[in-house]
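Colleague: Here it is, the structure, as structure tokens.
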Amino acid sequence: MRPCCLAVLPVVCVGVWLDLTAAPVRAGEGVTLREVDGRVRVEIQGELFTEYHFQDVSRPFLYPVLGPGGVPLTRNWPMKEAPGEDRDHPHHRSLWWAHGEVNGVDFWSESARAGRTVHEEFLERASGPDRAVLHTRNRLVAPDGHTVGRVEFKITFHRGDADARWLDWETTVLASEGDLKLGDTKEGTMAIRLAETMRLKPNKENAGKPTGHILTSTGLRDGETWGKRAPWVDYFGPVEDRVMGVAIFDHPANPRHPTWWHVRDYGLFAANPFGVHDFEKKPPGTGDLTIPAHQGITFRYRFVFHHGDAAAGRVAERYAAYQAEKP
């Protein structure tokens, strides 16, 4: 499964600072970005939405991620110790992009043999009344120190509405050092590790309590959803004293849309367009995708953080609006 007509992008090497507004955004208003101690703090109307961690980390990630009302929607560990949380999969860092096989190097785990995604520069940082944009370039560094390729993350943080907040995460993988193969493995790719109480299968601390549920746009539920293809998936469940949900939208223009979903009962929730061998039991390598030297390929996703289940969060309606947006 190696498409020959994928859209490719040239490597772009120009940094920019873009002002999204005619006038500066005042403190406490709009969507603002502020760099603090190796993180970029994102605020909506003066309240924390999330922070982008980029310094001295295995790969950049967002933590914490707060839904409407300031409700935390991702697991705290391993960034922070918290009671009632399992301490499995230390590489599941809140919300991130990574892949388990890039020219044979594992950029998904944090094992001794794993590579690192190293921040190189900011290409764009912009605050605005309704959205803010953070665009970064990163090097994919193998364990022996050589650069395998590069990856750009362009994240747009939206002000949202009374019922939901959302962000768009655009990843462009660049074959800056020569041909780059994204290998066929389930270990990836655009991912979030949800709050422990939202899990479909509760941990021992939450045994006997209400659990979360998973729904695909095609109508599959819970344990039926792993490895299946769908334009969107919603994972919702109890957090504190209410039901909250997270939906991920696969952009219609993405290669291999609709994507496969590496969505687990313990709270891992990821879109992975490469793991065909694992998801469909096809021959190893079926899902390989090779980017020719000095070209790139882009994947776009939207995360919607909402109140209630998929119906209450109007997930289907929001996806239809997402489809209609101009790129």
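Colleague: T185's amide H: which non-local residues (gap 5+, or another chain) put their own amide H closer than 5 Å, with H modeled 1.01 Å from N in plane and none for Pro or chain starts?
Modeller: G275, V276
Colleague: When the Debye formula is applied to the Cα atoms of the chain, each taken as the same point scatterer, what base-10 log of I(q)/I(0) results at q = 0.08, 0.10, 0.11 Å⁻¹?
Modeller: -0.34, -0.54, -0.67
Colleague: Now for a different question. Starting with the highest mean, order 166-176, 101-111, 220-230, 190-200 by the number of other Cβ atoms within 10 Å, averaged over the residues of each peptide.
Modeller: With the highest mean Cβ count within 10 Å placed first, the list reads 190-200, 166-176, 101-111, 220-230.
Colleague: Another question, then. Excluding E177 itself, what net charge comes from residues whose Cβ is under 11 Å from its Cβ, given Lys and Arg +1 and Asp and Glu -1?
Modeller: Neighbourhood net charge equals +1.
Colleague: Under a point spin-label approximation (7 Å from Cα along Cα-to-Cβ), what is the A311-E47 distance to one decimal in nm?
Modeller: 2.7
Colleague: Right, here's the next one. For segment 223-243 and segment 270-314, what is the separation of their C-alpha centers, rounded to whole Å?
Modeller: Using only Cα atoms, the two centres lie 15 Å from each other.
Colleague: Which residue fluctuates the most in the chain, going by a Gaussian network model with Cα springs under 10 Å, if the choices are N76, N206, N272?
Modeller: Looking only at N76, N206, N272, the biggest GNM fluctuation is shown by N206.
Colleague: Considering only lysines 8 or more places apart in sequence, or on different chains, count the pairs in the chain whose C-alpha atoms sit under 28 Å apart.
Modeller: The result is 26.
Colleague: Pulled fully out, how much extra length does the chain show between R242 and E205, if you take 0.36 nm times their separation in residues and subtract their Cα-Cα distance?
Modeller: Gain on extension, R242 to E205, equals 11.5 nm.
Colleague: Could you work out the Rg to Rh ratio of segment 173-326, with Rh taken as the Kirkwood radius (inverse of the mean 1/r over all Cα pairs)?
Modeller: 1.01
Every number in this text was worked out from the coordinates using simple rules, so none of it is lab data. Nothing here was measured: the structure is a model prediction, and the numbers come from that model. Here Cβ is always computed from backbone atoms with ideal geometry, including for glycine, and neighbour counts include all displayed protein chains.
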